[in-house]
Amino acid sequence: MATQSMPEVSQQRWDETLRGLISLSNATMQKNAVLEAHVAELEMEVGMWQSAHSVAVESVERNGAAHQRLVSSLHKQISSRGLFEKQNPLILCVINGDEKLFSGFGQGQQGGMDAARDPNPKNRHRELLDRLIGNNICSVQQFDAFVAGFSQCSPRFSLVDVGYVDGTDMKMREYVQTYVRFPQTLRVFLAGGNDPQYTSTFDALESEQVLGKVVILKGNDDNVDISIPLPSLKVDGIFMHHQLRPRPLTVRCVNTTAGGLISPQSPASHTSGRSIDPALPLHKQNPPPCNEHYLMTCSKGPAVCKYSHEYHLTSEQLASLASNAKKAPCNWLKNGLQCPYGDQCCWGHRCPNGRNCFHLSKGKCWFKGEAMHPPLPHEMSPRSA
């Protein structure tokens with residue numbers, strides 16, 4: 001039987017020992033890698049919990065600060081309770097009409113009445129009208145009806161035309177600073193007041209312990225970011241969910257004597273502008289203003305349309321233009337087609353003379369489409385009791 005020499009046995013043992021050490025080293029390294037990954041996961045989890053804790057603490061502190069402001073305001077009001085026995089408490093709602101646009105403009109008077117049940121907007125009347133018309137939200141008539149419905153809903157509701165670019169925020173800040181200091185004021189609701197310029201106003205009101213009266217109104221999609229935490233109230237369905245394109249006086253045009261159909265949407269165009277000759281009516285200007293440019297959407301554009309897109313019209317002139325346009329028939333209905341613009345169409349959908357139109361009896365009325373001669377309101381028989 002063969003036997004191994006001592007050197008060979010010694011070498012074999014060294015090899016086995018070395019292999020064992022290498023295997024143990026590899027296993028240790030693998031275990032360390034697993035442990036390091038686990039430690040990293042735990043550290044990440046701890047960091048997440050620390051971050052969540054910091055957010056929660058910050059939220060509690062913010063809410064506590066807002067609550068403390070409210071308590072301070074209430075204490076101040078309680079100390080003036082004798083005033084409430086003699087005067088009615090006051091609640092004011094101020095809305096930035098340039099940023100927070102009501103969703104009911106297209107509903108005319110009813111939309112204005114619905115919006116009025118929920119406020120006191122400040123805006124630039126003419127620019128707002130231009131934006132609404134340019135974005136096909138409403139017509140001039142619907143806008144005027146909305147304003148009328150809003151104002152008629154209550155004598156305390158008003159739309160204020162501030163007239164210049166920075167006037168809205170300035171007037172709103174003055175309203176807030178004035179009314180919030182009245183002892184009888186319980187709350188001031190503010191919509192669209194998240195401009196950085198309000199920070200100094202809020203700081204001043206906080207130092208006077210009256211900021212607790214202010215509540216921020218928000219829509220569904222609002223992310224109001226202000227430096228000082230204030231209580232907020234979400235309102236649904238009052239404001240538009242999207243912002244309008246900035247001031248597109250894209251308004252509109254078509255040749256009504258050509259008999260062609262108007263087609264939707266033309267790009268906005270701004271020119272240097274020209275003045276109206278006050279000695280002549282609008283339809284006798286040279287050239288006359290384009291009805292569709294100012295009241296709807298001109299499909300031709302200023303380069304092709306033979307009517308002018310360059311006049312700067314006043315609200316009275318726009319109203320006159322709209323009234324006269326209704327005296328001409330809509331070419332869609334005139335040709336037996338459904339008008340895609342519906343109530344927002346600037347042209348007449350019915351003869352202003354009703355079914356007793358003299359020209360209709362002679363076959364010469366411009367309103368030739370079906371159902372364009374319905375009975376006028378005073379011609380309709382009263383409902384039977």
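The criterion of being among the basic types (Lys, Arg) and out of contact with any Lys or Arg (no Cβ under 6 Å at 6 or more places or on another chain) does not hold for residue 334. Number of residues in the range 325-368 that are surrounded by 16 or more Cβ atoms within 10 Å (Cβ to Cβ) and in a helix (DSSP H, G or I) equals 8.
Selection over the range 308-324 of residues that are within 18 Å of residue 139 (Cβ to Cβ) and assigned to a loop (DSSP other than H, G, I, E, B) gives a count of 3. Every condition in (1) of a type outside the set (Asp, Glu); (2) modelled with pLDDT of 85 or more; (3) part of a loop (DSSP other than H, G, I, E, B); (4) under 20 Å from residue 130 (Cα atoms) holds for residue 298 except the one numbered (2). Looking at 202, 182 in this structure, which one is at pLDDT 80 or above and farther than 16 Å from residue 93 by Cα? The unique qualifying residue is 202. For the range 205-239, a tally of residues being assigned to a loop (DSSP other than H, G, I, E, B), within 17 Å of residue 62 (Cα to Cα) and either modelled with pLDDT of 65 or more or out of contact with any helix residue (DSSP H, G or I) (no Cβ under 9 Å at 6 or more places or on another chain) (or both) returns 8.
Count of the range 327-366 residues, restricted to those that are touching a helix residue (DSSP H, G or I) at 6+ places or on another chain (Cβ under 7 Å) and aromatic (Phe, Trp, Tyr), is 1. Restricting attention to the range 301-324, the residues that are farther than 16 Å from residue 134 by Cβ and surrounded by fewer than 18 Cβ atoms within 10 Å (Cβ to Cβ) add up to 10.
The values are calculated or read from the model by the stated rules, or taken from the named source; none is laboratory data. All values derive from a computational prediction rather than experimental measurement. All Cβ positions, glycine included, derive from the backbone under ideal geometry; neighbour counts span all protein chains shown.
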